[in-house]
């Protein structure tokens, strides 16, 4: 019964300095302090992270799967948006 | 080792065994929750803490075995002694009860251990100082985790407040024993190895006091303080715990993992 009253939080972990926080899952917790602790306990047991973000799941606005055609299909035909048509001088090195 | 020379090996062994037994026994208690926690998050959090504690116990048993010099390894000391040979505090062996009870027990123990580890950071015994450096970070998290739950349950629903208050009352008799001092603890303090527990009460109160205040919990003064753990006199609960804890070593003597 009480379980349904505990809000859900989305967890984002940053593995190293310089990398972006990445979504890795969710936890139940009463508030943000407990959510951070739960995220630490559930998702960083094997040294996965140096920083944790938690965000109330309810705060996330998601795209509607039903709209996936109008959202994403137009991009499929626009291959010229991929940066594969440029000659990169050797001096630039690794990009 | 200069510090070890300042105290008898016997006293140092006795001190190390107390510390190790505390951590093994309360760590085992926490591990009993594995698979039974009220939610998945806690089902990982409690074994995480248990692993911290049992890890600390291991390093302490290894060191105790070396100082003792009788050729006993960590498993021999941890798993094949008799009940009366265990010198853990009674707080550590108390049964889990409900989740509130377990969290408060952990808070009490961690609030006792934090100043003790902090005092040992500058121990003249370098081995212990090293163990303390690792343990101190772990115990800080235990205080935070258990403390946050004590606040939320104490200041939660009618039901959670009732259970938290019951836990405060049930565990009150086992608090004073933590701060007992005797010949062993005094020898450690004089040799600069570890602070005397009797000096740690203000630090304990400074940790637990604000948490109780936030939780709306009142400290319960008890007239029925229990003692005897350091002399091997335990409650009924420890025998059952040891039966499970020692099962593998008793069934397959000398087995290794």
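For residues that are in a loop (DSSP other than H, G, I, E, B) and free of Cβ contacts under 8 Å to residues at least 12 places away in the same chain, scanning just segment B:29-44, find the one that is nearest to the other protein chains (Cβ to nearest Cβ). So the residue we want is B:39. Assess whether residue B:68 counts as being under 26 Å from residue B:153 (Cβ atoms), more than 14 Å from every other protein chain (Cβ to nearest Cβ) and touching a residue at least 12 places away in the same chain (Cβ under 8 Å). So residue B:68 does not fit the description; no.
Quick one: residue A:17 ticks every box in (1) within 11 Å of chain B (Cβ to nearest Cβ); (2) not in a helix (DSSP H, G or I) except a single one, so which number is it? Of (1) within 11 Å of chain B (Cβ to nearest Cβ); (2) not in a helix (DSSP H, G or I), only one is false for residue A:17: (1).
Within 14 Å of another protein chain (Cβ to nearest Cβ), touching a residue at least 12 places away in the same chain (Cβ under 8 Å), more than 21 Å from residue A:7 (Cα to Cα) and in contact with a strand residue (DSSP E or B) (Cβ under 9 Å, 6 or more places away or on another chain), is that true of residue A:32? No; evaluated as a whole, the condition is false for this residue. Among (1) more than 22 Å from residue B:193 (Cα to Cα); (2) out of contact with any strand residue (DSSP E or B) (no Cβ under 7 Å at 6 or more places or on another chain), which single condition is residue B:39 missing? That leaves (2) as the condition not met.
Total residues in segment B:52-82 satisfying the condition of being surrounded by 16 or more Cβ atoms within 10 Å (Cβ to Cβ) and assigned to a loop (DSSP other than H, G, I, E, B): the figure is 2. Yes or no: segment B:29-40 includes at least one residue that is crowded, with 23+ Cβ neighbours inside 10 Å and farther than 20 Å from residue A:45 by Cα. Looking through segment B:29-40, at least one residue is crowded, with 23+ Cβ neighbours inside 10 Å and farther than 20 Å from residue A:45 by Cα. Quick check on this structure: which one of B:135, B:198, B:140 is in contact with a helix residue (DSSP H, G or I) (Cβ under 8 Å, 6 or more places away or on another chain) and buried (at least 18 other Cβ atoms within 10 Å of the Cβ)? Testing whether each residue is in contact with a helix residue (DSSP H, G or I) (Cβ under 8 Å, 6 or more places away or on another chain) and buried (at least 18 other Cβ atoms within 10 Å of the Cβ) leaves just B:135.
Of everything in segment A:35-60, what is more than 14 Å from chain B (Cβ to nearest Cβ), part of a loop (DSSP other than H, G, I, E, B) and within 18 Å of residue B:144 (Cα to Cα)? Give them in sequence order.
Here is the first cut: in segment A:35-60, the ones more than 14 Å from chain B (Cβ to nearest Cβ) are A:49-51, A:53, A:55-60.
In the following step, the residues that additionally are part of a loop (DSSP other than H, G, I, E, B) were identified as A:49-50, A:60.
Scanning segment A:35-60 gives no hits.
Only residues that are surrounded by fewer than 12 Cβ atoms within 10 Å (Cβ to Cβ) and under 18 Å from the mean Cα position of the chain (by Cα) were counted in segment B:220-235, giving 1.
Taking the listed residues B:178, B:217, B:153, the one that is away from chain A (no Cβ under 14 Å), over 26 Å from residue B:21 (Cβ atoms), surrounded by 21 or more Cβ atoms within 10 Å (Cβ to Cβ) and in contact with a helix residue (DSSP H, G or I) (Cβ under 9 Å, 6 or more places away or on another chain) is B:217, with no other qualifying.
Take the residues in segment B:83-121 that are over 22 Å from residue B:177 (Cα atoms) and in contact (Cβ under 8 Å) with a residue 40 or more places away in the chain, then tell me which one is surrounded by the most Cβ atoms within 10 Å (Cβ to Cβ). So that I can check it myself, show each step before the final result.
Within segment B:83-121, the subset over 22 Å from residue B:177 (Cα atoms) is B:98-99, B:121.
From what is left, the residues that are in contact (Cβ under 8 Å) with a residue 40 or more places away in the chain are B:98-99.
Numbers: B:98: 14, B:99: 21.
Top of the filtered list is B:99.
No lab work stands behind these numbers, since they all come straight from the coordinates. Keep in mind that what you see is a predicted model, and the values were worked out from it rather than measured. For neighbour counting, all protein chains shown are included, and Cβ atoms are generated from backbone atoms with ideal geometry for every residue, glycine included.
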